[in-house]
Amino acid sequence: MRIDDIVVEDVTNIFIRKLMDWVDVRDYGALGDGTTNDAPAFLAADADADGREILVPSGVFRLTSDVTINSRIRFEGTLSMPSNRKLTLTRNFDLDTYGQAFGSELEGFKRALQSLFFFTDYVTLDLSGRRVDIIEPIDVAALAGVTSFSNRRVVRNGSLNAVAGPAWATLTNVANVANIPVGALVIGTGVGREVYVTATNIGAGTVTISQPLYAAVGTRTYTFRRFNYMLDFSGFSLLSRFELEDIEFNCLGVGSGVLLPMSGSTQRFISCTFNRPLDRGISSAGTGCQGMFVDMCQFLSNEQSVPAVDRTTIAMNVQANDTKLRNNRVVRFAHFAIMNGTGHLIHANHFFQGDNETAGVRRAGLVFTQTNVSTVVTGNYIDNCFIEWGNEHDSEPQENGEFSFGGLNIVGNVFIASDTTTAFRWIVVKPYGPGHFLSGLSISGNSFRCFGVIVDRVDMVDTSFATLDFTRSRNVRVDGNSFNNVTQWILNPVLVAHTQNTAAETWNVSAGGFVPFGGRIRMVEAVAPEGLITNAANAARYVFPYSVPGTGVTGNEAQVRWGEAVKGKALVNLRMDVPA
């Protein structure tokens, strides 16, 4: 047998192409030696894949430029990339693939998060229910390489677990402005709660802070403390519409949860858990909390066994307007929320701040830090803590013609307390300067109940700095509340059934302790005789009285003057306020 010709043909496309549904990056020149730039080979494999999966075999493949892979990809080997270069996997945008690509879930999480800010086909990074061990705070802006971003992005469905190490050390002592980091908490005399550094000017030796100081006159000493956060967004000058959904922040007493960007709006936290944050759950150093949503989240303190009066951790704070806090559960922090700004909706939360102490001292759950808040607090379970309303973020805390304490609606909440003292109060107004007054407050349909002790009353003015001017009270409504184990109820208006047994031209009618906050009577709405009004001889007299409000030592009485000496019974409606 003689062979005249041998013809060699490439039949890959006829046979092997149909049998193999993948391409190997080595067939396109990738070496996987950890030093050669294999990026061109990856891009060539992607261009030729034509629907097939790309295989990255064993080895370390160095990519020195941004790489976008539009085909499905599978990693047996790992990648090495500069920190400022991005890997975008358009068909495998998930934690598992990124974790395999970079040899660890932490690095994979960082690289996927980095890509999230540049990849437009996906708005959501799904962690697939996996746990990522975080060994150091993650500076998200530095990771992303951008400082301004306003498109919606979501990270969801996973757990971030803080692992103790030197990277979590808290900065507390600084010698000059150059050492003060943005996002540091300012502590000192005359500084309100949750005031943060938003910018520094090293040349001028100055810092910019998030809120004014209520007492900054003269020379003062300040301390700056920078907390470490698992996710730190403070490097963003603007970030809006970023969402964290169903993420468990296992802070475990190692670090804090999330530091928001310096500005931005409508960030959302949905069904997240903040477990044992060392210092803070969610912090807002600037106005990145504008319009923020916090829904169905849990905040579990790292100070469960610490007496309430000694706790330092705070679940969250707000520096801007229009936040919505709804359906959250908050357990044993110093405070649930320090709230600056206006227009907040706080609904259906359960915040519990009790302890195991006998006759324990309680602290505020909600703290409002400006006078006119335009806020609704409704349907909450306010448990062993109170609402504090002050103006500690006001550089001129005295009343200067601005809106005074108004716009707060406390409606339909359940207030309880146990194992506390008779001096405990659920609603506290704390003016930081003189001249302020109530100008729009509603306390309606709430239930107040104490266990184990009978408290004196539910309300008070904290006069540590100043008191309220009750001669200017306007638009105060207190009605429909229930009181259990509370000695003194409060009402406005106060309906008094006054009986005058001895004929007198002037009847002194007292509202007693029913006037909210120990205020004074400013108006008599009505005087309705019940039965005959008679003179000393029991002859009926048909006379029309006038009233003089605000009499008595404390101003909680009114005089009803008849023009002649009469006796009888009358229903007198007294108010501590007047219409605006």
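Nothing in this text is a laboratory measurement; each read-out follows from the coordinates by a stated rule. Not measured: the values here are computed from a predicted model. Counting neighbours? That spans all protein chains shown, and the Cβs are built from the backbone with ideal geometry, glycine included.
Could you give the Stokes-Einstein D for the chain in µm² per second, using the C-alpha Kirkwood radius, 37 °C, 0.692 mPa s? Before the final figure, lay out each step's value.
Details: Rh = 27.9 Å.
Roughly 118 µm²/s, to the nearest whole number.
What is the packing order of peptides 245-256, 306-317, taking the mean over residues of other C-beta atoms within 10 Å and listing the highest first? Write out the running numbers ahead of the final one.
Working: 245-256: 21.8, 306-317: 20.0.
Put in order of decreasing packing, that is 245-256, 306-317.
With the dipole of the range 71-134 worked out from charges on the C-beta (+1 for Lys and Arg, -1 for Asp and Glu) around the Cα centre, which of G77, G103, F119 lies farthest toward the positive end?
In the range 71-134, that residue is F119.
With labels modelled as points extended 7 Å from the Cα through the Cβ direction, what inter-label distance (nm, one decimal) is found for D121 paired with T467?
About 7.1 nm, to one decimal.
Using a 7 Å offset from the Cα along the Cα-to-Cβ direction at both K324 and A423, what is the distance between the two label points in nm, to one decimal?
4.1
If you line up the Cα atoms of the range 171-225 on their principal axes, what length do they span on each, largest first, in Å?
The Cα atoms of the range 171-225 stretch 25, 21, 18 Å along their principal axes.
Once you place label points 7 Å from the Cα toward the Cβ at E53 and D133, how far apart are they in nm?
2.8
From the gyration tensor of the Cα coordinates in the range 482-580, what semi-axes in whole Å does the equivalent ellipsoid have, largest first, with each one equal to sqrt(5λ)? Mind dumping the intermediate values first?
Details: eigenvalues 136, 41, 25 Å².
They are 26, 14, 11 Å, listed from largest to smallest.
Report, for the chain, the % of DSSP beta bridges that are antiparallel, rounded to 5.
Values: 36 of 154 bridges.
Roughly 25 percent of the beta bridges in the chain run antiparallel, per DSSP.
Starting from the Kirkwood Rh over alpha-carbon pairs, what translational D in µm² s⁻¹ does the range 190-314 have by Stokes-Einstein at 25 °C and 0.890 mPa s? Mind dumping the intermediate values first?
Values: Rh = 15.8 Å.
It diffuses with D of about 155 µm²/s by this estimate.
What residues qualify as long-range amide H neighbours of T64, i.e. H under 5 Å apart, gap of 5 or more or another chain, H built at 1.01 Å from N?
Here the answer is D38, A39, since their amide H atoms fall under 5 Å of that of T64.
Could you give each residue of the range 95-105 its phi-based ³J(HN,Hα) in whole Hz, using Karplus coefficients 6.51, -1.76, 1.60 with θ = phi - 60°, and x for Gly or Pro?
5, 4, 5, 5, x, 5, 5, 10, x, 7, 5
Tell me, what HN-Hα J-couplings in whole Hz come from the Karplus equation 6.51 cos²θ - 1.76 cosθ + 1.60 at θ = phi - 60° for each residue of the range 33-44, using x for Gly and Pro?
The phi angles translate into 9, x, 10, 5, 6, 9, 4, x, 5, 4, 5, 5 Hz.
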